[in-house]
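As structure tokens, the structure follows; a few thoughts come after it.
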Amino acid sequence: MNNGALVRLIDVHKTYRSGEMEVHAVRGVSLEIQRGEFVALMGASGSGKSTLMNLLGCLDRPTSGHYLLDGSDVSGLDRDRLADIRNRKIGFIFQSFNLLPRTSARENVELPLLYSAHRLTNAQLREKADRVLASVGLGGREDHHPSQLSGGQQQRVAIARALINDPEVVLADEPTGNLDSRTSVEIMGIFQQLNERGITIVMVTHEQDIAAYARRNVIMRDGILLSDKVVTQRALAEAELDKSGMSTNIPEK
């Protein structure tokens, strides 16, 4: 039984071997994330949060334990099956944007659709990509290349790309790490609006004020879960004040 959880980890371990050494990156983690939650995954360098994010994203498999995604155990799937799960059910957003530099914003967003089992015509690809770009405030910039966009606009393209296949969960790895404070607020405003639409988000961050935008903070240390707490509205308000009281609405630009 998955108890209605979209993500369920059961006693998950991940051990890496380096010669005769064993590194226990994740040690017995059990975690449930319900559909529609916004979770910030925190911890110092070496805490295991990046390894856990790789497991959640089906980029790696646990050494032991079980990972149920949307009710299906994906722990023992082969690489091809995992790649299919990633494309259909998971959207990724990275700190460094990971955009193709010689292609337009539209073409970057269309890319995951090219690997979809449901083939679309060129007109359908264009229409869907343009619609998602508009939803993150980039209407009118569909033909711009990454070099013609600001850092915040590039991250918006990356968010649109993560959303294009209507994933079950969006995984964001330090999504504001390369952005200034004002742009970080704008990007977090987008995440909040996506979550209000029912999209499940798991975000890795080491910044407490960014984590306060999530609804739940999970903190790791030495490969185990140290704490798991709901973020209060007061904490969110304080985070917004720390950012000079700027609005979290998506700006029209």
Fill in: Filter result (buried (at least 18 other Cβ atoms within 10 Å of the Cβ) and of a type in the set (A, V, I, L, M, F, W, C)) within segment 48-81
Leu52, Met53, Leu55, Leu56, Cys58, Leu68, Leu69, Val74
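When you check Val132 against the structure, is it among the β-branched types (Val, Ile, Thr), at pLDDT 95 or above and more than 14 Å from the chain's Cα centre (by Cα), yes or no? Can you show your working first?
Numbers: among the β-branched types (Val, Ile, Thr): yes; at pLDDT 95 or above: yes; more than 14 Å from the chain's Cα centre (by Cα): yes.
Spelling it out, Val132 is indeed among the β-branched types (Val, Ile, Thr), at pLDDT 95 or above and more than 14 Å from the chain's Cα centre (by Cα).
Given the residues Ala83, Ala40, which is the only one that is among the hydrophobic types (A, V, I, L, M, F, W, C) and modelled with pLDDT under 95? Give the derivation first.
Values: Ala40 fails: modelled with pLDDT under 95.
On inspection, the qualifying residue turns out to be Ala83.
For segment 157-206, name all the residues that are in a helix (DSSP H, G or I) and polar (S, T, N, Q). So that I can check it myself, show each step before the final result.
Start the filter on segment 157-206 by keeping residues that are in a helix (DSSP H, G or I), which leaves 157-163, 181-196.
Ser181, Thr183, Ser184, Gln192, Gln193, Asn195, listed by residue number.
Return yes when Ser150 is at pLDDT below 95 and over 12 Å from the mean Cα position of the chain (by Cα) and no when it is not.
Working: at pLDDT below 95: no; over 12 Å from the mean Cα position of the chain (by Cα): yes.
Answer is no for this residue.
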Worksheet item: In the set Ile187, Ile201, which member is in contact with a Leu (Cβ under 7 Å, 6 or more places away or on another chain), surrounded by 24 or more Cβ atoms within 10 Å (Cβ to Cβ) and under 19 Å from Asn87 (Cβ atoms)?
Response: Ile201
Practice prompt. Working only within segment 176-196, note down all residues that are in contact with a Ser or Thr (Cβ under 8 Å, 6 or more places away or on another chain) and closer than 23 Å to Glu32 by Cβ.
Written response: Gln192
Practice prompt. State whether one or more residues within segment 237-244 are at pLDDT below 95, surrounded by fewer than 19 Cβ atoms within 10 Å (Cβ to Cβ) and out of contact with any helix residue (DSSP H, G or I) (no Cβ under 9 Å at 6 or more places or on another chain).
Written response: yes
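Does any residue of segment 115-127 turn out to be under 17 Å from the mean Cα position of the chain (by Cα) and among the hydroxyl-bearing types (Ser, Thr, Tyr)? Show your work before the answer.
The first filter runs over segment 115-127 and keeps only residues under 17 Å from the mean Cα position of the chain (by Cα), leaving none.
Checked segment 115-127: no residue is under 17 Å from the mean Cα position of the chain (by Cα) and among the hydroxyl-bearing types (Ser, Thr, Tyr).
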Fill in: Those residues of segment 15-29 which are among the polar types (S, T, N, Q) and touching a residue at least 24 places away in the same chain (Cβ under 8 Å), in sequence order
Thr15
Discussion item. What pairs come out if I take residues in segment 97-120 that are among the hydroxyl-bearing types (Ser, Thr, Tyr) and pair them with residues that are assigned to a loop (DSSP other than H, G, I, E, B) and modelled with pLDDT of 95 or more whose C-beta lies under 8 Å away, six or more apart or interchain?
Written reply: Thr103/His145; Ser104/Glu142; Ser104/Asp143; Ser104/His144; Ser104/His145
Worksheet item: Hey, Ala44 hits all of (1) in contact with a His (Cβ under 9 Å, 6 or more places away or on another chain); (2) in a strand (DSSP E or B) but one; which does it fall short on?
Response: (2)
Worksheet item: Among the residues of segment 67-86 satisfying the criterion of being of a type in the set (D, E, K, R) and under 16 Å from Ala5 (Cβ atoms), which is nearest to the chain's Cα centre (by Cα)?
Response: Asp70
Worksheet item: Out of (1) free of Cβ contacts under 8 Å to residues at least 40 places away in the same chain; (2) over 17 Å from the mean Cα position of the chain (by Cα), what's the single condition that is false for Cys58?
Response: (2)
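Of the residues Val39, Val7, Val12, only one is buried (at least 16 other Cβ atoms within 10 Å of the Cβ), closer than 20 Å to Glu207 by Cβ and either more than 13 Å from the chain's Cα centre (by Cα) or in contact (Cβ under 8 Å) with a residue 12 or more places away in the chain (or both); which?
That would be Val39, the only listed residue that is buried (at least 16 other Cβ atoms within 10 Å of the Cβ), closer than 20 Å to Glu207 by Cβ and either more than 13 Å from the chain's Cα centre (by Cα) or in contact (Cβ under 8 Å) with a residue 12 or more places away in the chain (or both).
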Worksheet item: Which one of Asn165, Asn122 is surrounded by fewer than 16 Cβ atoms within 10 Å (Cβ to Cβ), closer than 28 Å to Asp84 by Cβ and of a type in the set (S, T, N, Q)?
Response: Asn122
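Of a type in the set (D, E, K, R), in contact (Cβ under 8 Å) with a residue 40 or more places away in the chain and either under 30 Å from Asp11 (Cβ atoms) or touching a Phe, Trp or Tyr at 6+ places or on another chain (Cβ under 7 Å) (or both): does that describe Asp173? So that I can check it myself, show each step before the final result.
Values: of a type in the set (D, E, K, R): yes; in contact (Cβ under 8 Å) with a residue 40 or more places away in the chain: yes; either under 30 Å from Asp11 (Cβ atoms) or touching a Phe, Trp or Tyr at 6+ places or on another chain (Cβ under 7 Å) (or both): yes.
So Asp173 fits the description; yes.
The values are calculated or read from the model by the stated rules, or taken from the named source; none is laboratory data. Just so it is clear, the structure is predicted and the values come from calculations on it, not from any experiment. Glycine gets a Cβ as well: all are built from the backbone with ideal geometry, and neighbour counts include every protein chain shown.
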